[in-house]
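The values are calculated or read from the model by the stated rules, or taken from the named source; none is laboratory data. Fair warning: this is a prediction, and the values are worked out from it, not measured in the lab. Counting neighbours? That spans all protein chains shown, and the Cβs are built from the backbone with ideal geometry, glycine included.
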């Protein structure tokens, strides 16, 4: 039996220029023009984006508002590198490194916000969980 594979999900933004810059510079998105807006592509995954000047249809029964998302991205190295990356871009960390569970099991995460206030997470699966076990929480 064939099973479906995740293709994309939708977020909303209030300002194209500000959000495009954030998602490209901070998260490494490729901008993909779509109708009167953009999508953010990350390799084989994509965030479709609802924003100003679009009439998205069909839409969820309760459309996600700008700032109403919670997204996690895997950081490819130690979490300290993610923290330094955010610091270089003056992005405040909302939750200090702590052990969380993601698709690959336990990792170490930090939380921050996109320009609209959506919660963003970088999770690192690089063998450093032991350093943070005292702050372990379930997600």
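Restricting the first member to region 21-42 and to residues that are on the phi > 0 side of the Ramachandran plot and modelled with pLDDT of 95 or more, and the second to residues that are surrounded by fewer than 18 Cβ atoms within 10 Å (Cβ to Cβ) and not in a helix (DSSP H, G or I), the beta-carbon pairs closer than 7 Å and six or more apart or on different chains are 28/42. Residue 77 meets the conditions (1) farther than 26 Å from residue 18 by Cα; (2) touching a strand residue (DSSP E or B) at 6+ places or on another chain (Cβ under 6 Å) in every case but one. The failed one is (2).
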